[in-house]
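The block underneath contains the structure these notes are about, expressed in structure tokens.
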Amino acid sequence: MKEFKIGLLGLGNIGTGTYKTLEMNRASIEAELGAEVKIVSILEKDTERERDINVTKDQFVSDIEDITGNPEIDIVIELLGGIEPASTFMEKALLAGKHVVTANKAAVAASWERLHEAAKKGGAMLKFEASVGGGIPVLTAITGALRANEFEEVMGIVNGTTNYILYNMTAKGMDYATVLKDAQAKGFAEADPTADVEGIDAANKLSILMALMFDKHVHPTEIPTKGISDITADDIAAADREDCVIKLIAHAVRTDNGIEYSVGPMNIKKSHPLAGVNGEFNAVYVKGNVVGELMFYGPGAGPLPTGSAVMGDVMEICKAVSR
Ligand code: HSE
């Protein structure tokens with residue numbers, strides 16, 4: 001039976017969720033592919049941490065060369081997070097002809113040209129469905145089933161932390177600092193929540209959406225971005241008087257002057273489908289000139305939803321190279 005060998009970069013929460021996805025559904029995944037799928041090497045410093053998966057010490061490596069230089073490895077899954085060294089490691093893997101799957105929105109958005117160039121040079125595929133909207137298959141939809149459209153607009157609630165905070169401020173009348181503390185205690189918000197609450201994470205995701213929908217890559221630092229850290233209970237009440245809720249929206253729209261784009265808090269009419277996206281959920285609302293309006297909704301973060309999208313990309317690669 002054919003075997004696909006995988007090198008995994010990073011066995012943190014998302015790496016563990018991806019590993020678990022393969023463990024949970026190995027039988028159906030391998031039956032569908034007609035091939036075995038093995039995570040043979042894992043680049044990870046923390047080899048001692050208790051993880052609820054069957055991983056053995058001999059799978060761990062400490063040098064990226066053990067993966068990018070291993071001719072047996074077909075696919076590299078990058079789940080380190082951060083722009084570097086993740087971008088350099090992915091570039092190396094692609095140039096070595098290894099297909100790459102990643103959930104790393106910061107690296108994909110910042111290193112867009114470099115990674116796509118390396119994929120072209122190496123004759124390898126680069127896939128990143130999990131980087132926007134976690135488990136929601138929105139990138140696959142806009143690059144596949146919706147490709148016959150010219151896109152007119154995208155509005156995304158693409159950051160779970162900020163949506164959780166704004167939702168709780170709105171529904172429970174809590175103030176920003178109290179909800180943030182609560183979100184951190186429940187593990188929804190990072191210990192350092194800056195990238196989420198200041199809109200940087202959403203800007204990374206908008207950069208990726210725009211590159212795919214409008215064929216226009218804008219570096220995330222070039223996207224006008226405002227976060228939610230100065231939203232007050234008064235702002236929420238003022239929005240409510242206008243029959244609106246405040247949401248952090250990643251927005252891009254085609255205008256006569258080109259594509260306009262920004263990330264920031266917006267008043268959304270309560271009748272709009274995005275207004276009902278509550279808690280840590282994500283949604284991406286798109287308008288295509290043929291299909292009309294669509295909204296993709298679901299879990300935008302978390303180990304298993306993200307693992308689901310990562311393994312979906314891995315399977316697509318396995319199928320493509322088997323044809
Ligand atoms: N910190 C991100 C969020 C994780 O809150 O949505 C998923 O990209």
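A few comments on the model shown:
- In the stretch 191-279, the GluC sites (Glu not before Pro) that fall in loop regions by DSSP, at most 13 other Cβ within 10 Å: Glu242
- Accessible area (Å², 1.4 Å probe, nearest 10) - Asp192: 110 Å²
- Of the trypsin sites (Lys or Arg not before Pro) found in the stretch 1-89, those that fall in a DSSP loop while having at most 16 other beta-carbon atoms within 10 Å are Lys45, Arg49, Arg51.
- Gained length - Glu65 relative to Ser28, 0.36 nm times residue gap less alpha-carbon distance: 10.1 nm
- Comparing Leu79, Leu139, Leu212 in a Gaussian network model of the chain, where Cα atoms under 10 Å apart are tied by springs, the biggest mean-square fluctuation is seen for Leu212.
- Selected from His116, His272, His99 as most flexible by GNM, with the chain as the system and alpha-carbon contacts under 10 Å: His272
- Å² per residue, accessible surface of the chain at 1.4 Å: 44 Å²
- Stretchable slack from His272 to Ala141, in nm (0.36 nm times residue separation minus alpha-carbon distance): 45.0 nm
- Inter-site label distance for Leu95 and Val290 at 7 Å from Cα along Cβ, in nm: 3.9 nm
- Spacing of the two label points (7 Å from each Cα toward its C-beta) at Asp215 and Lys120, in nm: 1.3 nm
- Taking a ≥ b ≥ c as the square roots of the eigenvalues of the alpha-carbon gyration tensor, the stretch 28-168 is classed prolate because a/c is 1.5 or more and a/b outweighs b/c.
- DSSP bridge orientation in the chain - percent antiparallel, rounded to nearest 5: 60 percent
- Within the accessible area of the chain, the carbon and sulfur atoms contribute 50%, probe 1.4 Å, all protein chains present.
- The trypsin sites (Lys or Arg not before Pro) of the stretch 147-231 meeting both criteria, a DSSP state outside H, G, I, E and B (loop) and at most 12 other C-beta atoms within 10 angstrom of the site's C-beta, are Arg147, Lys186.
- Förster radius 45 Å - calculated FRET efficiency between Lys57 and Asn257, Cβ distance, rounded to 0.05: 0.20
- Cα-based shape type of the stretch 181-279, given that a ≥ b ≥ c are square roots of the gyration tensor eigenvalues and the cut on a/c is 1.5: oblate
- Unsatisfied cross-links (Cα-Cα over 31 Å) in the set Lys98/Lys226; Lys205/Lys270; Lys121/Lys216; Lys45/Lys127; Lys2/Lys121; Lys20/Lys270: Lys98/Lys226; Lys20/Lys270
- Inter-centroid distance (Cα atoms) of the stretch 203-264 relative to the stretch 7-44, Å: 35 Å
- Count Lys and Arg as plus one, Asp and Glu as minus one, and take only other residues whose Cβ is under 13 Å from that of Ala195; the net charge is then -3.
- Rounded, prolate or oblate (a/c below 1.5 giving rounded, otherwise prolate when a/b exceeds b/c) for the chain by Cα gyration tensor: prolate
- Computed over the chain with a Gaussian network model linking Cα atoms closer than 10 Å, the most mobile of Gly298, Gly258, Gly288 is Gly258.
- For the stretch 278-323 and the stretch 73-100, distance of Cα centres in Å: 21 Å
- Residues in the stretch 98-141 that a label on Glu3 would reach, taking backbone N under 19 Å of a point 7 Å out along Cα→Cβ: 98-99
The values are calculated or read from the model by the stated rules, or taken from the named source; none is laboratory data. This structure is a prediction, so every number in the text was calculated from the model and none was measured. Reconstructed Cβ throughout: ideal geometry from the backbone, glycine too, with neighbour counts over all protein chains shown. Quick note on the areas: whole protein, heavy atoms, side chains included, nothing else; ligands and nucleic acids left out. Shrake-Rupley method; radii C 1.70, N 1.55, O 1.52, S 1.80 Å.
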